[in-house]
Amino acid sequence: MCGIVGYIGSREAYPILVKGLKRLEYRGYDSAGVALISNADQQLNVYKAKGKVSELESFVESKDISGKIGIAHTRWATHGEPCSANAHPHYSSSETLALIHNGIIENYAVLKENLQAKGYEFKSSTDTEVLVQLIEYIKVTNNLDLLTAVQLALQEVIGAYAIAVVEKDHPEQIIAARKSSPLVVGIGEDEYFLASDATPIVEYTDKVVYLNDEEIAVINRGEELKIVDLHNVEITPDVKTVVMNIGQLEKGGYPHFMLKEIFEQPDCILDCMRGRVNVEGTNVVLSAVIDHKERLIKAKRFVIVACGTSWHAALIGKHLIESFCRIPVEVEYASEFRYRDPVIDEQDVVLAISQSGETADTLAAVELAKSRGAFIYGICNAIGSSIPRATNTGSYIHVGPEIGVASTKAFTGQVTVLTMLALTLAKEKNTISEKEYLEIVQELNHIPEKMKQVLELNKQIAELSKIFTYAHNFIYLGRGYSYPVALEGALKLKEISYIHAEGYPAAEMKHGPIALIDAEMPVVVIATHNGLYEKVLSNIQEIKARKGKVIAIVSEGDTIIKNIADICIELPTTLECLDPLITTVPLQMLAYHIAVCKGMDVDQPRNLAKSVTVE
Ligand code: M6R
């Protein structure tokens with residue numbers, strides 16, 4: 001949460017910073033701000049506005065936005081309401097330092113009290129302002145340079161931070177540091193970039209350094225990048241090359257990133273399988289599984305840790321791994337796992353699933369499991385992010401940058417990797433018959449084509465969505481592999497349309513939720529020909545008997561449910577274990593179109609941020 005950008009070089013910084021902020025707006029959009037050291041008179045100008053980056057652009061219209069050095073921030077509020085005073089950058093008292101921050105300074109209250117006792121005054125209710133004041137206090141009282149003051153201040157801080165600081169009298173330098181919040185330095189020709197992820201950097205350079213915890217980047221104009229730790233020990237920068245297509249960061253003619261990402265899914269699945277499933281479509285190899293097969297095979301159990309949509313993918317992973325590999329699997333919310341003193345040891349394998357690779361709770365769960373000796377396998381999307389760097393091994397899902405706050409293509413990518421993981425391991429363990437293995441691998445190859453057929457239903461789903469804008473509640477039901485899909489469909493709807501929605505295992509309905517059913521209640525039921533079709537059919541009858549409105553997701557050619565349900569969405573058939581890759585897509589489209597009909601901000605829903613790097 002919160003996106004940070006920085007620039008130093010020979011170009012004007014403002015356009016680069018604002019463009020960068022727009023790329024990072026998915027991380028938060030409560031307020032935005034920029035600090036620039038002006039060209040003519042070397043003023044440290046800070047401009048801030050409540051709301052999106054576009055509000056900042058309007059605010060600075062008649063201001064001096066010159067400067068070849070600057071830092072900028074887009075905020076997701078933690079401490080202090082979204083308003084201009086709480087927006088970053090924050091000045092120090094003398095207004096000679098400006099700082100941006102992503103993370104939480106947990107001991108800010110104590111630090112603030114100490115500084116107040118020394119006469120410091122605060123203009124915001126943020127934890128961040130405390131840090132910039134602390135740096136100034138240490139710098140001034142001990143007559144230190146900025147780097148040393150930052151190092152000493154960070155030694156007093158408890159919490160998470162990615163920060164960047166500029167100093168009015170030193171327009172040739174940015175100091176940046178990270179702990180538990182991501183930070184990337186881009187190395188150009190005589191210029192440097194700084195950002196929370198590589199997306200604001202890739203159009204200028206493909207050379208990046210991902211900072212590690214407690215590393216400080218000393219970025220001086222015209223000099224080599226220097227990295228030191230909090231005690232000034234120098235660290236050799238590990239320069240990586242990022243490969244990212246700029247087109248992936250644009251809407252490409254779609255009205256929203258979410259719709260674009262829904263439609264990208266057939267190609268994403270192909271990218272995800274590329275080099276892993278052979279051209280004949282008869283064999284799947286996930287190299288990380290093969291490389292660590294001894295360790296994985298001897299695991300007493302697998303524990304999957306994740307949050308949100310990734311947690312739903314984990315539930316599907318449990319089905320796949322238990323069915324095909326005969327290994328017991330537990331699925332945990334990372335946020336619960338990390339504080340529960342879980343029973344976990346070196347005989348366990350922990351799978352960490354995260355699109356962003358930065359989710360604070362999932363990262364903490366990984367660290368905890370690692371400290372107990374478990375083997376950690378990451379399934380992430382963002383290349384070079386914190387979770388893949390903290391794991392023993394892993395597999396990227398390779399679906400490209402996901403910008404829409406509501407996760408879509410990452411979910412189907414995660415399920416695809418989990419399917420390939422289960423198949424690769426099952427083959428190594430000999431827990432799957434050759435016939436079944438071949439049948440699944442061959443069908444996996446047909447999924448992109450079948451997804452395309454589902455996407456053709458977009459118009460039909462857009463039309464039927466208009467009927468449901470009245471609804472205040474929705475229920476989603478599914479069984480077996482379709483239960484996590486029901487959860488995911490409900491999450492998609494609530495996060496972008498603000499309609500309350502619950503996902504349930506269909507058979508659980510009669511244990512309580514059935515009391516909610518009346519003529520006003522839309523119930524989405526995943527009722528494909530796989531699994532417990534007859535049982536789900538009975539559940540539909542129970543809903544209809546209470547006048548609920550049934551939207552049934554059925555297999556092509558279904559005649560029985562067509563006669564009972566109010567609306568049927570017909571999907572191409574596939575194998576039961578691959579059903580989620582098909583049935584999730586219409587639920588994504590349904591949520592999208594209902595939200596659009598209601599006039600909601602689909603890509604940037606209220607209160608949310610894409611990457612949850614705070615607890
Ligand atoms: O980046 P991660 O996969 O770790 O993110 C986990 C959740 O924050 C994320 O899935 C969230 O629930 C999405 N908004 C769902 O659409």
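The values are calculated or read from the model by the stated rules, or taken from the named source; none is laboratory data. This is a predicted model, so every value here is computed, not measured. Cβ sites come from the backbone with ideal geometry, for glycine too, and all protein chains shown count toward neighbours. Side chains are part of the model used for accessible areas, which takes the heavy atoms of the whole protein and leaves out ligands, DNA and RNA. Shrake-Rupley method; radii C 1.70, N 1.55, O 1.52, S 1.80 Å.
Brief remarks on what is shown
- Cubic angstrom per residue, convex hull over Cα atoms of the stretch 249-453: 108 Å³
- Computed magnitude of the charge dipole of the chain (debye, nearest 20; Cβ of K, R +1, Cβ of D, E -1): 1220 debye
- Net charge of neighbours whose Cβ lies under 15 Å from the Cβ of Ile467, counting Lys and Arg as +1 and Asp and Glu as -1: +1
- Structural descriptor for the stretch 1-101: relative contact order 35 percent, calculated from alpha carbon pairs under 8 angstrom and at least 6 residues apart.
- Sparsely packed loop sites in the stretch 319-376 (the GluC sites (Glu not before Pro) outside DSSP H, G, I, E and B with at most 14 other Cβ atoms within 10 Å) comprise Glu346.
- Packing-based ranking, highest mean first, of 240-252, 290-302, 472-484 given that Cβ atoms within 10 Å are counted: 472-484, 290-302, 240-252
- 1.4 Å probe accessible area per residue over the stretch 71-135, in Å²: 35 Å²
- Selection from His312, Ile235, Gly253, by position along the positive dipole direction of the chain (Cβ): His312
- Cα-based shape type of the stretch 520-568, given that a ≥ b ≥ c are square roots of the gyration tensor eigenvalues and the cut on a/c is 1.5: prolate
- For the stretch 149-212, the normalised intensity computed at q = 0.15 Å⁻¹ comes to -0.51 (log10 of I(q)/I(0), Debye sum over alpha carbons, equal scatterers, no solvent).
- Rounded to the nearest 10 Å², the accessible area of Lys168 at probe 1.4 Å: 50 Å²
- Ligands, DNA and RNA aside, Arg23 has an accessible area near 20 Å² when probed at 1.4 Å.
- ³J(HN,Hα), Karplus 6.51/-1.76/1.60, whole Hz, each residue of the stretch 86-93, x for Gly, Pro: 8, 5, 9, x, 9, 7, 7, 3
- Computed log10 I(q)/I(0) for the stretch 1-64 at 0.12, 0.29 Å⁻¹: -0.28, -1.40, from the Debye equation with unit scatterers placed on every C-alpha and solvent omitted.
- When the chain is described by a simple charge dipole with +1 on each Lys and Arg Cβ and -1 on each Asp and Glu Cβ, the residue from Val454, Ile387, Ile567 located farthest towards its positive end is Ile567.
- Over the stretch 458-597: Kirkwood hydrodynamic radius from C-alpha pairwise inverse distances, Å: 14.5 Å
- When the Cα atoms of the stretch 3-244 are aligned to their principal axes, the ranges along those axes come out at 48, 43, 34 Å in descending order.
- Filtered trypsin sites (Lys or Arg not before Pro), the stretch 97-166: DSSP coil and at most 16 other beta carbons within 10 Å: Lys118, Lys123
- Probe 1.4 Å, accessible area per residue of the stretch 458-597, Å²: 36 Å²
- Rounded to 10°, Cα long-axis angle of helix 482-497 versus longest principal axis of the chain: 50 degrees
- Only beta bridges with both residues in the chain are counted; by DSSP, about 60 percent of them are antiparallel.
- The Cα center of the stretch 248-300 and the Cα center of the stretch 443-497 differ in position by 21 Å.
- On Cα atoms only, tilt of 128-142 relative to the major axis of the chain in degrees: 30 degrees
- Dividing the C-alpha radius of gyration of the stretch 447-488 by 2.2 N^0.38 Å, with N its residue count, gives 1.45.
- Three semi-axes of the equivalent ellipsoid, the stretch 345-416, Cα gyration tensor, whole Å, largest first: 22, 11, 9
- Cβ-based charge dipole, the chain, positive-most Cα from Ala149, Met509, Gln347: Met509
- Close amide H pairs (under 5 Å, H built 1.01 Å from N) link Ile304 with Glu330, Val331, Glu332, Leu351, residues at least 5 positions away or on another chain.
- Between Thr148 and Ser62, the contour length at 0.36 nm per residue exceeds the alpha carbon distance by 27.3 nm.
- Backbone N atoms of the stretch 570-606 closer than 14 Å to the 7 Å Cα→Cβ label point of Gln460 belong to residues 570-573, 583, 585-587, 589-590.
- In the chain the Cα-Cα distances spread across 10 Å bins starting at 0 as 3, 17, 25, 24, 17, 10, 4, 0, 0 percent of all pairs.
- Chain lengthening between Val140 and Leu516 when straightened (0.36 nm per residue, less Cα-Cα): 129.0 nm
- On the chain, 49 percent of the accessible area sits on carbon and sulfur atoms, based on a 1.4 Å probe.
- In the context of the full set of protein chains, the stretch 249-453 has a per residue accessible area of 36 Å² (1.4 Å probe).
- Principal-axis analysis of the Cα atoms of the chain puts helix 533-545 at an angle of about 80° to the longest axis.
- Here the contact order of the chain, divided by its residue count and restricted to Cα pairs under 8 Å and six or more residues apart, works out to 11 percent.
- Ellipsoid fit via the Cα gyration tensor, the stretch 261-308: semi-axes of 26, 19, 7 Å, each the root of five times an eigenvalue, largest first.
- Calculated translational diffusion coefficient of the stretch 537-615 (20 °C, 1.002 mPa s; Stokes-Einstein with Kirkwood radius over alpha-carbon pairs) equals 141 µm²/s.
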